[in-house]
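Input: a single structure, listed below in structure tokens.
Laboratory data are not the source of any read-out in this text; all were calculated from the coordinates shown. Computed from a predicted structure; not experimentally measured. Cβ atoms come from the backbone with ideal geometry, glycine included; neighbour counts cover every protein chain shown.
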Amino acid sequence: MFTQVELEQKIKSFPYWYHKIDLPFGITTPGWAPLNKDMYRIPSDLSGKRVLDIGSWDGFWSFEALKRGAREVVAIDDFSDYLGKLENKDRSAWDTFDLCRSALGYSPDKCKRHELTVYDLKEEELGIFDIVFFFGTLYHLRYPLLALDKISAICKESIFVESAILDDFSPYRGGFNKGYPGSQMVMELYPDKQYGNNETNWWAPTVLCLMGLLHTAGFKNVKGWKLMDNPTSLAYCRGFACGTK
């Protein structure tokens with residue numbers, strides 16, 4: 001276990017944090033996400049659930065699932081998103097995740113992590129999950145429907161998705177307040193750096209389209225919603241969807 005000084009020093013040793021994670025001694029890591037964790041609408045009680053956290057980064061949602069009673073969490077990431085600006089030296093792979101896991105006292109047996117892509121998900125290797133978190137990842141994928149099919153094959157209860165969305169912003173239609181408001185089944189392709197100056201941003205759907213993607217992957221009772229109305233920053237142009245089997 002770390003002392004407060006040791007923990008603070010280790011946190012400062014990493015040049016970039018994506019997640020703000022509450023750790024012992026009243027310390028919170030200096031990230032910025034999630035912007036509003038309540039908007040993800042994750043059940044407060046995950047007792048006994050086996051959870052897959054795709055694109056876990058520093059691990060906020062992995063640790064949150066355990067705090068809510070999950071019996072086991074498996075986190076995966078391939079560290080392919082550099083936000084359009086991070087250099088290799090600023091991305092620490094699993095080091096930040098491992099630091100937080102250790103500080104929070106979770107064992108590697110209960111909180112596993114694997115470096116692999118969503119396309120590599122296989123039941124024979126990872127098993128079946130009750131709940132899947134799929135946050136901040138779909139719009140980085142060249143093949144989003146293939147990814148959702150892979151997820152659906154190993155998810156037996158519910159999926160929760162968060163993504164960049166087009167409802168209030170489109171780089172092709174003029175930016176903010178020039179998106180696709182209302183119920184429009186649209187998804188845009190970004191072959192270069194059109195969205196957020198990040199070449200790993202391949203797609204953005206409307207919320208309705210995000211719901212449709214889940215439906216085509218075999219999820220039912222699909223619901224969708226936005227992070228906020230009338231966002232003025234690209235970081236707040238986010239939407240959510242959830243579905244059940």
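With +1 assigned to the C-beta of every Lys and Arg and -1 to the C-beta of every Asp and Glu, and no other charges, what is the dipole magnitude of region 56-173 about the Cα centre in debye, to the nearest 20? List each step's numbers first, then the result.
Numbers: 15 positive and 22 negative charges, 31 e Å.
With Lys and Arg at +1 and Asp and Glu at -1, about 140 debye.
Taking the number of Cβ atoms within 10 Å of each Cβ as an exposure proxy, the fewest-first ranking of Glu199, Glu6, Glu124, Glu64 is Glu124, Glu6, Glu199, Glu64.
Helix-only arithmetic for the chain: the sum of -39500 (n - 2.57) across DSSP H runs with n ≥ 4, divided by the residue total, places the mean residue ellipticity at 222 nm at -6000 deg cm²/dmol.
Of the residues Gly31, Cys100, Gly59, the one whose Cα sits farthest towards the positive end of the charge dipole of region 1-159 is Gly31 (charges of +1 on Lys and Arg Cβ, -1 on Asp and Glu Cβ, taken about the Cα centre). Among residues other than Gln194 with Cβ under 12 Å from its Cβ, the summed charge is -1 (Lys and Arg +1, Asp and Glu -1). Considering only Arg68, Arg142, Arg41, the Gaussian network model of the chain with Cα springs below 10 Å gives its largest mean-square fluctuation to Arg41.
With neighbour counts taken as other beta-carbon atoms within 10 Å, the residues Val5, Val222 rank, fewest first, as Val5, Val222. Note on Lys223 and Met185: the model spin-label points, each 7 Å out from Cα along the C-beta direction, lie 2.3 nm apart. Multiplying the residue separation of Glu157 and Arg68 by 0.36 nm and removing their Cα-Cα distance gives an extension gain of 30.4 nm.
Dividing the Cα radius of gyration of region 4-244 by its Kirkwood radius returns 0.95 for Rg/Rh. Report relative contact order for region 1-139 in percent, whole number only (criteria: Cα-Cα under 8 Å, sequence separation at least 6). Over region 1-139, the number comes to 28 percent. Take every DSSP beta bridge whose two residues both sit in the chain; close to 50 percent of them are antiparallel. Quick one: net charge around Thr206, please, counting Lys, Arg +1 and Asp, Glu -1 for every other residue with C-beta under 15 Å from its C-beta. Spelling it out: positives minus negatives among the neighbours equals 0.
Mind checking which of Leu227, Leu166, Leu35 has the largest fluctuation in a GNM of the chain, springs on alpha carbons under 10 Å? Evaluated over the chain, the most mobile residue of the options is Leu35.
Past 32 Å, Cα to Cα: identify those pairs from Lys112/Lys223; Lys12/Lys112; Lys10/Lys226, in the order given. Write out the running numbers ahead of the final one.
Details: Lys112/Lys223 29 Å; Lys12/Lys112 24 Å; Lys10/Lys226 36 Å.
Listed pairs above 32 Å: Lys10/Lys226.
Here the dipole of the chain is about 500 debye; that uses its Cα centre as origin and unit charges on the Cβ of Lys and Arg (positive) and Asp and Glu (negative). Among Leu213, Leu116, Leu138, Leu52, the order by Cβ neighbours within 10 angstrom, fewest to most, reads Leu116, Leu213, Leu138, Leu52. Using +1 at the Cβ of each Lys and Arg and -1 at the Cβ of each Asp and Glu in region 167-245, identify which of Ala241, Asn197, Met228 lies farthest towards the dipole's positive end. Going by the charge dipole, the pick is Ala241.
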